[in-house]
Every structure is written in C-alpha cells, then in structure tokens.
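Below is one structure; the comments refer to it alone.
The values are calculated or read from the model by the stated rules, or taken from the named source; none is laboratory data. What you see is a predicted model; the values in this text were computed from it and never measured. Note that we place each Cβ from the backbone using ideal geometry, even for glycine, and neighbour counts take in every protein chain shown. For accessibility, only protein heavy atoms count, side chains too; no ligands or nucleic acids. Shrake-Rupley method; radii C 1.70, N 1.55, O 1.52, S 1.80 Å.
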Amino acid sequence: MKGKFVTHEQVFTWMERERGLVVITERAQKKYHHLLPSHLITVKTAKELFFSPWEAVYRYTLQGKTWVIEEKVEHSSFPSFLVLLPCEAKAILEVTDVNFMTEDTPDLGYARRRRGVTLIIVGCERIEQTCFCSLVGCSPFWRHRESVFLFPWKGHFYLEDGEEKLSLSPFEDPQKAQAVETFFAETICTLPLPLPANFPEKLYAHFDDPLWQKMAWHCVNCGACTYLCPTCYCFDLSVDGKLRGLTLHTWDSCMFPKFTLHASSHNPRPTGKERVRQRVMHKFSYFPLRNKYYGCVGCGVCREICPVNWDIKEVVEGMVRQVER
Amino acid sequence: MVELNAWEPKIVAFLCHWCSYAGADLAGVSRIQYPPNIRIIRVPCSGAINPLYILKAFREGADGVLVSGCHPGDCHYLSGNYFARRKFFLLKELLIFAGIEEERLQFSWVSASEGQKFSQVIEQVVEGVKKIGPSKKGLKEFAFHV
Amino acid sequence: MYERALTELASKILGEVEGIIGYAPGSLPFHMRPFLCQREEDIACLSFNHFARPNLARYLLTLEMRKKRVAIVVKGCDARTVIVLLKEGQVKRENLYLIGAPCHGMVSVSKLEERFGVLSPPDFVWEADTFTWRGERFAIRDFLEDSCERCAYPNPPWYDALLGEELPKPPVLPGGRDYLGRIKALPLEKRWEFFAQEMEKCIRCYACRNSCPLCYCTECFVDQTRPSWLSQAATRNENLFFHLGRSLHMAGRCTECGACERACPLGIPIGLLPLYVEELIREHFAFEAGMNLDTPAPLLTYRENDPNEFIR
Ligand code: SF4
Ligand code: SF4
Ligand code: SF4
Ligand code: SF4
Ligand code: SF4
Ligand code: FES
C-alpha cells in the first residue's frame with residue numbers, strides 16, 4: 001500500500017510557502033481553485049514551461065568581416081514544481097520528454113528547464129465532456145513513479161510519492177487508502193475502452209483513405225489546436241535581423257502552409273487534407289509506432305477550443321470504424 | 001543606461017522624391033539648420049508607402065516616424081497623396097486608439113520650394129518625440145534588441 | 001430554428017447547386033459546425049440556431065468550392081462578407097446561391113457558463129429571443145457574443161432565398177455594452193495597458209486570421225520572408241504589429257462579423273481593432289463594407305475634403 005494522506009491545509013500551506021517555486025497549469029487551477037492557493041503563477045499549457053513559445057538560441061553580429069556568434073544564456077530563476085492534471089503530466093513525461101530529452105541529441109534549452117522540475121499530478125474528480133483520456137492509455141488517476149500524485153478524498157488529499165519530494169509528513173490509513181484504490185479501479189472500469197491494440201499499424205495502412213478529405217473539409221488550418229495541445233512539440237528555427245540579430249526557436253504547427261514548404265517552393269502538404277492527416281497520423285500512428293505511447297493524451301483541449309468544432313475524438317473513432325471494416 | 005538628457009531620438013522620415021525630398025535638399029543647400037535626428041528614406045510618392053513600412057520602422061527601433069509628401073493637388077502622379085491620406089489617417093487614428101502617443105507618427109505636406117517649412121517640420125517632430133521620450137511602449141521595445 | 005424552411009429549400013435547390021454549405025449539430029453540446037450537404041440524405045442534418053457561430057463564407061474559397069455552384073447559409077454579417085468577396089472578384093455571382101438566415105444573435109458559451117456553471121443541455125429550452133433554464137426564463141440578448149451585441153444588420157442585405165421573416169433592426173445598445181466607446185473613453189495610458197495586456201496573451205495561432213473569410217491571402221504578410229516584416233516570436237510587440245497590420249488590411253472590408261474574435265482560444269477581443277477602423281471609415285469616409293456591390297471601396301477612392309488636419 002503506497003498511498004498516505006495529508007490534510008488540505010498541509011498542501012495549501014506547503015504551496016503558500018514555496019509560492020515562487022510552484023507553477024500551476026490553468027486547467028488544474030480552474031479545477032482545484034477551491035483547494036489550492038489562488039495566486040500561484042499559472043501557465044496556459046504545461047509544455048510552455050519547458051518548450052518555450054519562443055526563445056533566442058544565438059545572438060549574431062557581423063563585425064568587420066567575421067560573424068560573431070554568442071549563445072544566449074538564460075539567467076531567470078526557474079520553478080521547481082509544476083502542478084498539473086494527469087493528462088498534462090502524461091503529455092510531458094511520455095511525449096515531450098521522449099521527444100526532447102533523447103540521450104544522444106537532447107534539446108538543451110528544454111532539458112535545462114525540465115531537469116529541476118518535479119511534477120505534482122492532481123487526479124481528476126470530475127471528467128469533463130471533452131475528455132477522452134481512457135481511449136489513449138491515460139486515466140483521471142494516471143500516476144508516474146517520478147512524480148507526486150494527489151487526489152482529493154473525503155476532506156483529505158490522498159498522496160503518493162510526496163513524502164520525500166515535497167517533505168510533507170503524511171499520515172497512514174491503510175483502510176482508507178484501500179478505499180481510494182478500489183474507487184480508482186472501479187471508476188476506470190466504467191470509462192470507455194482504449195483504442196484497439198494495433199490501431200497505430202492499421203491506421204498507417206489507411207494513409208490514402210478518401211475519408212481524410214471528407215474529415216478535413218471544415219478545418220480552417222489555424223494553429224489553435226496544436227499550440228494549445230499539451231503534446232504538440234513542433235518548432236521552427238528562423239533568424240531575425242540581417243547584420244545583427246537573433247536565431248529564434250519558436251513554436252510551429254503542421255497546420256500552417258509554411259510548415260513543410262521547401263526552398264524550391266514545392267509543398268508536400270499542399271492542402272488542408274494533408275495537414276489534418278498529418279496531425280492525426282502523427283499522434284495516433286507515427287509517434288506510437290516509434291515510442292509505444294500515443295502522441296495524444298485525450299485531454300480534449302483541442303475539441304474545446306476549435307473554432308469550427310473539428311473534433312479529433314470523433315475523427316479517431318471514425319477511423320477506428322474504417323480500419324476495422 | 002542612457003542618460004535621459006543625452007538621449008537623442010531616432011526618426012525615420014519617408015520623403016516623396018518629387019517634393020519633400022527636394023525640400024530637404026533645398027534646406028541643406030540653403031544652409032537652413034535642422035536637428036540631425038532624421039534618417040531619410042526616399043520614396044517615389046507618398047502613395048507608394050505601405051502602412052506596414054511605418055510599422056516596420058517602429059519595429060526596427062524608430063522613436064518617431066515622419067511621412068511627408070506633395071501638397072494636395074500637387075502630386076506628381078496626380079492623386080497618389082489623396083489615396084495615401086486615407087490610409088495615413090486610419091493608421092494614425094488606430095495607433096492612438098491602441099494607446100500609442102500621437103507624436104510618434106507625424107505627417108506633413110512639404111513642396112520642393114519649402115526648405116524653410118521642412119526644417120520647421122523636423123524641429124517640431126523632434127521636439128514632439130523628445131517630449132514623450134524613447135519609444136518604450138511603442139513597437140520598439142522588442143525583447144531581443146534591448 | 002428554420003429547420004423546415006431549410007429542408008424544403010434544400011430539397012428544391014440541391015441538384016441545381018452542387019452543394020449547400022450550411023450548419024449541422026456539432027459533436028459537443030452548444031456547438032454547430034460547418035456542414036457540406038451534397039446528397040439527399042444529408043438534407044436532414046442541416047440546421048440553424050443560436051450556436052451557428054462560424055462565418056461560412058470562408059469555405060467558398062476552398063479549392064474544391066471555387067469550381068462549383070454552391071448555396072451557402074448566411075447570417076446578416078456573413079452575407080456582407082460574401083458581398084465583399086464578390087466585389088473583390090473572389091467568388092462568382094453565377095456560382096452562388098445565398099440562403100439568408102435572419103439572425104437573432106449567437107449565444108456565447110462562456111457567458112452561459114459564467115451564469116449557470118457546468119452546462120447541461122437538457123436544462124435549456126431555446127426559442128428565438130428567449131430561453132428557459134430549468135424552467136426559468138432568460139433573454140437571449142443578455143448572453144450574446146460581444147460581436148452580436150454590437151450587430152446592426154441581423155438581416156442579410158442580399159439573398160436568393162430567405163429563411164423566415166426579416167427581423168426588425170436591433171435596439172441600440174445600452175451604454176455599458178458600447179465596447180469601442182468604453183475604450184475610447186480611457187486615457188491613452190490605460191488604452192495602452194489594455195491592449196498591451198491582450199497582446200501579451202496572444203500566441204499567434206492565427207485562428208483569428210484563418211477564421212476570417214476576408215483573410216484569404218495565399219501568403220499572409222506575417223509569413224513573408226522577403227522582406228520579413230516581423231519575426232515568428234509571439235512577443236507582445238510583434239503580436240501588436242500583426243494585429244495592427246491585419247486591421248489595416250481589413251480597412252473598408254471588415255463586416256464586423258466577429259468570427260475572428262469568437263475563434264480566439266484565449267478570448268482576446270481582437271475584433272476591436274478592425275472594428276475601430278470600420279468606425280473611422282463610417283464616420284469619415286461614409287462607407288460600410290458589404291452593403292452593396294457598387295460603392296467603391298474606401299481605400300480605392302478619395303475625396304478632396306477628406307480629413308487633413310492631422311497633416312502639418
Ligand atoms: S482543428 Fe480546429 S483548431 Fe485545429 S487547425 Fe483545424 S480549425 Fe484550427
Ligand atoms: S486531445 Fe487534442 S489537445 Fe489533447 S493531447 Fe489530444 S490532440 Fe492534443
Ligand atoms: S486567435 Fe487569438 S491567440 Fe490566436 S493569433 Fe489571433 S488573437 Fe492571437
Ligand atoms: S476581421 Fe473579424 S469581424 Fe472583420 S470580417 Fe474578418 S472575421 Fe469578421
Ligand atoms: S492579415 Fe493581411 S496579409 Fe494576412 S491574410 Fe489577412 S489580409 Fe492577408
Ligand atoms: S508625388 Fe509626391 S506625394 Fe505623390
């Protein structure tokens with residue numbers, strides 16, 4: 001039995017005390033504003049803390065005939081804890097970390113920011129209309145050994161792995177902990193079933209399915225879904241300034257026409273259909289084929305904010321039917 | 001730190017080739033004094049100025065922008081400045097609406113024979129921009145360049 | 001709303017047109033989505049209500065649609081954007097069939113949430129100007145999207161067929177909802193603070209631009225590299241550059257449909273900038289976009305007595 005308990009107050013005072021070091025995602029804040037301090041620093045998405053919307057990599061100047069290039073070093077202080085929902089945590093641990101923190105070629109900026117941060121996952125008491133985490137291997141109680149896990153339970157917080165990481169002193173109550181575990185297990189049974197086991201392979205075979213055209217039709221190819229998606233990690237390198245300037249590392253989106261534009265002006269993804277297909281394929285086929293986890297955590301953010309109600313869950317379910325046919 | 005009284009504004013002046021640019025030339029030839037803060041960009045007609053040029057000038061660090069063309073009725077291309085005037089009006093009002101000081105962006109009609117007026121305009125523009133100080137909140141304060 | 005009129009009309013014209021661009025219920029409650037009706041069996045899906053938020057004129061410009069003769073369902077503001085597109089030669093009159101939908105305004109989900117908390121569809125019963133929530137009656141007027149609160153033209157100025165009856169002109173807004181007036185009344189510094197704060201939030205996802213039917217450039221100025229106008233970094237000032245530039249590109253074209261603003265995932269009231277430009281144009285150049293095909297666009301014409309006092 002792993003879990004112990006802490007009082008709301010213990011967590012609240014701990015966060016108060018560490019205030020400057022604790023960052024919370026907007027979604028977690030919205031969900032738990034009644035239990036957690038209200039003035040914590042918030043971020044819109046969990047990823048932006050490590051994968052900055054923009055950052056300067058180099059500063060360059062032409063001095064006489066030589067280019068002088070300096071690396072941009074950050075010296076801003078950095079938080080130590082990030083409070084977030086299970087899906088957001090899974091997105092960091094099993095998608096963006098996997099992408100950026102590879103052994104041979106880590107993304108230095110990401111790694112530097114990510115390394116010192118402990119994730120504090122707060123499980124979901126309520127499942128939103130837009131959530132579909134159980135389809136993609138996540139759950140409202142998703143935990144990870146490297147992170148702290150909290151769950152509000154009958155006036156207390158159920159706590160896992162928080163003893164050393166946050167130096168809290170929890171109390172034990174094996175009976176109550178058992179009740180929590182049972183609750184988790186029972187709730188998970190009621191959630192929709194995961195996607196079929198070999199869906200990534202099957203989807204891959206449907207690259208040329210005419211259904212894509214039909215599905216992509218009403219997407220306007222903005223970047224709202226990818227920019228606010230906790231797992232989307234595409235970026236662009238560009239320069240700003242001719243004789244003096246900066247090399248920029250900025251978010252990019254496969255929805256944009258320039259994303260795959262070649263210097264020859266050929267674009268292998270000329271229309272919305274190819275771009276939408278890329279977005280779905282990457283998350284549900286290419287990424288899982290290579291890294292065993294889905295590239296989507298089912299958080300439902302994109303469903304909620306899409307201006308034209310283009311719905312990835314519906315599309316994926318449509319594709320499941322199509323590949324099983 | 002730049003000391004404030006040592007600070008001199010940088011002003012980009014888009015001048016029409018047929019009038020204000022010649023007016024600036026005349027001011028020079030006639031040895032009429034005006035502040036050295038302006039960087040002149042010659043354009044074929046005020047009508048050739050895309051409002052984005054003006055925004056870009058601010059973005060690249062101008063503290064103020066002056067646009068100067070031929071008097072209404074005198075445009076070398078007959079009506080370039082009439083069309084331009086509408087765009088300029090909208091841009092100027094839009095910037096003010098967005099909370100950017102009106103002194104940042106100024107306009108004038110200066111003919112080729114108005115060397116004196118040209119120097120006065122520059123004086124007024126520089127004075128106006130000096131009064132409001134460096135473009136901190138304008139478009140200039142782009143995080144990378146400061 | 002209008003379901004009967006819609007299905008009757010659709011069965012009449014389908015065949016004559018190759019498709020009907022309309023709305024169908026979305027995958028989430030309180031959402032309608034763009035729907036392309038091309039077959040008899042699609043007709044039953046067509047519908048219209050207070051959640052038909054997107055401006056469908058956008059879809060007239062997709063490659064496949066440009067080649068076809070299509071019908072499109074338009075609210076007052078959407079019809080005006082179609083007129084602008086016609087005027088700019090982006091669509092052909094003979095390829096178009098406008099189905100006008102007199103519009104009671106679009107309801108804002110966030111305003112509903114603010115009032116009723118977590119929304120449950122069965123709690124609501126919708127009518128044209130009112131709705132009930134658990135039996136209690138409310139006025140639609142109090143929950144409209146900002147853009148719809150400002151609306152002056154609920155009826156399409158031009159259409160081939162109209163669903164239902166033309167609506168009376170909406171009442172003038174009570175003072176508190178005069179968005180532009182409220183900002184104009186602020187001192188310069190406060191206005192800057194307001195916009196600076198909003199620009200700080202913008203992530204340059206371009207949902208605003210891509211939802212606007214009039215932002216149809218194959219290459220937007222923000223994507224140009226020769227010259228490059230601004231960088232890719234979403235900093236406050238670069239964002240402001242983008243939005244100022246876009247508002248100027250909208251000058252004399254924006255029909256105040258609010259699609260840009262409703263699209264913004266961060267709730268930035270980004271429509272205010274183009275809206276202000278339109279107000280200037282209305283006041284000083286006596287022009288309103290998308291009202292007819294004949295009046296020349298305000299930036300393609302001039303008057304000798306245009307405002308001149310701002311020039312030395
Ligand atoms: S799915 Fe929606 S949010 Fe994503 S690009 Fe398409 S229209 Fe934009
Ligand atoms: S549900 Fe949407 S936003 Fe969330 S991870 Fe999946 S694709 Fe990204
Ligand atoms: S939709 Fe909103 S966040 Fe996206 S670019 Fe426009 S204003 Fe910025
Ligand atoms: S700028 Fe905004 S309000 Fe104006 S037409 Fe475009 S989407 Fe509509
Ligand atoms: S902002 Fe301007 S350049 Fe960009 S798409 Fe809109 S009209 Fe075109
Ligand atoms: S030629 Fe000078 S303004 Fe047109």
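Residue-wise test of (1) over 14 Å from the mean Cα position of the chain (by Cα); (2) facing another protein chain (nearest Cβ under 9 Å); (3) in a helix (DSSP H, G or I).
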position	(1), (2), (3)
B:58	no, yes, yes
B:77	yes, no, no
B:83	yes, yes, yes
B:87	yes, yes, yes
B:90	yes, yes, yes
B:103	no, no, yes
B:112	yes, no, no
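Residues checked against (1) in contact (Cβ under 8 Å) with a residue 40 or more places away in the chain; (2) touching an Asp or Glu at 6+ places or on another chain (Cβ under 8 Å):
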| residue | (1), (2) |
| --- | --- |
| C:57 | yes, yes |
| C:87 | yes, no |
| C:92 | no, no |
| C:101 | yes, no |
| C:110 | yes, no |
| C:125 | no, no |
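I'd like the full set of residues that are of a type in the set (A, V, I, L, M) and more than 24 Å from residue A:14 (Cβ to Cβ), limited to the range A:180-193. Steps first, answer last, please.
Initially, the range A:180-193 is screened for residues of a type in the set (A, V, I, L, M), giving A:180, A:185, A:188, A:191, A:193.
Answer for the range A:180-193, where residues must be of a type in the set (A, V, I, L, M) and more than 24 Å from residue A:14 (Cβ to Cβ): A:185, A:188, A:191, A:193.
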For the range A:213-231, pairs from a residue that is within 7 Å of chain C (Cβ to nearest Cβ) and within 16 Å of ligand 4 (Cβ to nearest atom) to a residue that is of a type in the set (Val, Ile, Thr) and part of a helix (DSSP H, G or I), with Cβ under 8 Å and 6 or more apart or across chains, are A:221/A:276; A:224/A:305
Among residues of the range B:41-56 being within 14 Å of the chain's Cα centre (by Cα) and either open to solvent by 30 Å² or more (accessible area, probe 1.4 Å) or within 16 Å of ligand 3 (Cβ to nearest atom) (or both), the residue farthest from residue B:105 (Cα to Cα) is B:42
Among the residues of the range A:248-276, the number that are at pLDDT 90 or above, away from ligand 2 (no atom under 16 Å from the Cβ) and among the hydroxyl-bearing types (Ser, Thr, Tyr) is 1
Here the residues within the range B:19-40 that are open to solvent by 10 Å² or more (accessible area, probe 1.4 Å) and closer than 15 Å to residue B:75 by Cα are B:21, B:22
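Just the residues that are among the acidic types (Asp, Glu) and open to solvent by 20 Å² or more (accessible area, probe 1.4 Å), please, taken from the range A:294-320. Talk me through it step by step, then tell me what you get.
Keep residues of the range A:294-320 that are among the acidic types (Asp, Glu), which gives A:304, A:311, A:314, A:317.
Matches in the range A:294-320: A:304, A:314, A:317.
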Please determine whether any residue of the range A:221-229 is surrounded by fewer than 20 Cβ atoms within 10 Å (Cβ to Cβ) and small (Gly, Ala, Ser). no
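Matching residues to (1) open to solvent by 50 Å² or more (accessible area, probe 1.4 Å); (2) away from ligand 3 (no atom under 15 Å from the Cβ); (3) not assigned by TED's automatic domain parsing to the domain that holds residue C:195:
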| residue | (1), (2), (3) |
| --- | --- |
| C:251 | no, yes, no |
| C:266 | no, no, no |
| C:290 | no, yes, no |
| C:305 | yes, yes, yes |
| C:309 | yes, yes, yes |
Modelled with pLDDT of 95 or more and either part of a loop (DSSP other than H, G, I, E, B) or within 16 Å of ligand 6 (Cβ to nearest atom) (or both), is that true of residue C:213? yes
Those residues of the range A:230-240 which are modelled with pLDDT under 95 and open to solvent by less than 30 Å² (accessible area, probe 1.4 Å) amount to A:238, A:240
The condition of being within 16 Å of ligand 3 (Cβ to nearest atom), within 14 Å of another protein chain (Cβ to nearest Cβ) and under 30 Å from residue C:47 (Cα atoms) holds, among C:207, C:233, C:196, only for C:207
Would you confirm, using the coordinates I've provided, whether residue C:234 is free of Cβ contacts under 8 Å to residues at least 40 places away in the same chain and of a type outside the set (Val, Ile, Thr)? yes
Across the range C:223-235, the tally of residues that are over 25 Å from the mean Cα position of the chain (by Cα) and crowded, with 20+ Cβ neighbours inside 10 Å stands at 6
Of C:252, C:267, the only residue that is under 21 Å from the mean Cα position of the chain (by Cα) and over 27 Å from residue C:33 (Cβ atoms) is C:252
task = Answer yes or no: is there a residue in the range A:63-82 that is outside the structural domain of residue A:283 (by TED's automatic domain parsing), crowded, with 21+ Cβ neighbours inside 10 Å and in a helix (DSSP H, G or I).
result = no
If we keep only residues of the range A:106-131 that are open to solvent by less than 10 Å² (accessible area, probe 1.4 Å) and under 26 Å from residue A:289 (Cα atoms), then the residue nearest to the other protein chains (Cβ to nearest Cβ) is A:110
task: Would you check if residue A:36 is exposed (fewer than 14 other Cβ atoms within 10 Å of the Cβ) and either touching a residue at least 40 places away in the same chain (Cβ under 8 Å) or assigned to a loop (DSSP other than H, G, I, E, B) (or both)?
output: no
Here the residues within the range A:284-325 that are touching a strand residue (DSSP E or B) at 6+ places or on another chain (Cβ under 8 Å) and at positive phi are A:309
From the option list B:73, B:99, B:69, single residue qualifying as open to solvent by less than 10 Å² (accessible area, probe 1.4 Å), facing chain C (nearest Cβ under 10 Å) and over 24 Å from residue C:195 (Cα atoms) is B:69
For residue C:218, the lone unmet condition from (1) more than 10 Å from ligand 3 (Cβ to nearest atom); (2) open to solvent by less than 10 Å² (accessible area, probe 1.4 Å); (3) of a type in the set (Val, Ile, Thr) is (2)
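Residues to consider are A:88, A:70, A:103, A:94; find the one that is within 14 Å of chain B (Cβ to nearest Cβ) and either more than 16 Å from ligand 4 (Cβ to nearest atom) or touching a residue at least 12 places away in the same chain (Cβ under 8 Å) (or both). So that I can check it myself, show each step before the final result.
Numbers: A:88 fails: within 14 Å of chain B (Cβ to nearest Cβ); A:103 fails: within 14 Å of chain B (Cβ to nearest Cβ); A:94 fails: within 14 Å of chain B (Cβ to nearest Cβ).
After applying the criteria, what remains is A:70.
Looking only at strands (runs of 3 or more DSSP E) that lie completely in the range C:55-174, which have at least 1 residues being on the phi < 0 side of the Ramachandran plot and within 14 Å of the chain's Cα centre (by Cα)? If you could, list the steps in order and put the result at the bottom.
Working: elements: C:70-74, C:96-100, C:124-126, C:130-133, C:136-139.
Of the strands (runs of 3 or more DSSP E) lying wholly inside the range C:55-174, those with at least 1 residues that are on the phi < 0 side of the Ramachandran plot and within 14 Å of the chain's Cα centre (by Cα) span C:70-74.
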